[in-house]
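Here is the structure we will look at, set down as structure tokens.
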Ligand SMILES: Nc1ncnc2c1ncn2[C@@H]1O[C@H](COP(=O)(O)OP(=O)(O)OP(=O)(O)O)[C@@H](O)[C@H]1O
């Protein structure tokens, strides 16, 4: 579905990512985890075609991705950020807007918006203005909007980190249910190993811009592969 080969990224004379190989198979959810500043968001931006790597290649559905990524490729991905970026219109409009841009028929737009708002437990807020939502509700709308686009790849960049613990847990559980029923191909960035083990089957551990270990979350905990990975994972073992 998506592959990166030997990706490096240097920005402002600073080496941020070194020689990263990454592949994403259809229907899987892969986790990217690492401490602050390890390069998680940078890698996600490159995989989502928001930044251009200094060297290395990207392939999307078997095709090499050109440096000037076309709109038709960009439209096949969706991103949810840490802070929900909603327009100050009604919730329904926020979810519908991307579908209107794609000129979908009105009935299909209504059905998709209603369906995804229900999936994330915010159907009852459809007519409410986005500015009146709580942080947790806003992130649910933001996720509904991304899923409604039915992207080939969904990138989630720390989607829970602005939420308090109970709100985060509720949303993480609901997202887990959605993954089970839709099999959306997803890359989840988090600095919390609990998110990764709850939602993904395979994770990459980034330390200082390098992939230091890869495997299922439970395997990584059992066999961290490297001393620095063991030290990082020790924060989550209790
Ligand atoms: N556009 C940029 N220009 C210059 N430096 C950048 C840029 N983007 C990221 N960096 C640097 O790259 C390093 C990795 O940042 P990045 O945001 O990818 O890490 P992260 O693992 O996502 O961190 P966090 O968990 O704190 O969000 C940091 O030192 C950051 O300052």
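Laboratory data are not the source of any read-out in this text; all were calculated from the coordinates shown. Because the structure is a prediction, the values reported are computed rather than measured. All Cβ positions, even for glycine, are placed from backbone atoms using ideal geometry, and neighbour counts span all protein chains on display.
With bins 5 Å wide beginning at 0, the percent of Cα pairs of the range 66-123 falling in each bin runs 4, 15, 21, 25, 20, 9, 5, 2. Structure remark: mean-square fluctuation, Gaussian network model of the chain, C-alpha springs under 10 Å; the largest value among 34, 136, 170 belongs to 170.
One decimal place: the segment residue 88-residue 194 gains 34.9 nm when fully extended, by the rule 0.36 nm per residue minus the C-alpha distance. Globularity index of the range 157-214 is 1.18 (Cα radius of gyration / 2.2 N^0.38 Å, N = number of residues). All distinct Cα pairs of the range 31-88 go into the 1/r average, and the inverse of that average, the Kirkwood radius, is 13.2 Å.
Taking 17 Å as the cut-off, the amide N atoms of the range 1-17 that come nearer than this to a point 7 Å along the Cα-to-beta-carbon line of residue 23 belong to 1-7. With all pairs of separate Cα atoms included, the chain yields a Kirkwood hydrodynamic radius of 18.5 Å.
Of 140, 67, 172, the residue with the greatest mean-square motion in the GNM of the chain, using alpha carbon springs below 10 Å, is 67.
Annotation: average projected area of the range 1-127 is 9.9 square nanometres, based on the convex hull of Cα atoms across all directions. Pairwise Cα separations in the range 109-238 fall into 10 Å bins from 0 onward with the following percentages, short to long: 11, 39, 30, 15, 5, 0. Distance from the Cα centroid of the range 63-124 to that of the range 199-214 is 28 Å (rounded to whole angstrom). Here the Debye sum runs over all C-alpha atoms of the range 84-150 as equal scatterers in vacuum, and log10 of I(q)/I(0) at q = 0.29 Å⁻¹ comes out as -1.38.
Summed over qualifying helices (DSSP H, 4 residues or more, each -39500 (n - 2.57)) and divided by its residue number, the chain shows a 222 nm mean residue ellipticity of -11000 deg cm²/dmol. To the nearest ten degrees, helix 91-101 and the longest principal axis of the Cα atoms of the chain are 80 degrees apart. Put a dot 7 Å past the Cα of residue 13, heading toward its Cβ, do the same for residue 162, and the two dots end up 3.4 nm apart.
Under a Gaussian network description of the chain, with springs only between Cα atoms under 10 Å, the residue in 17, 58, 221 that fluctuates furthest is 221.
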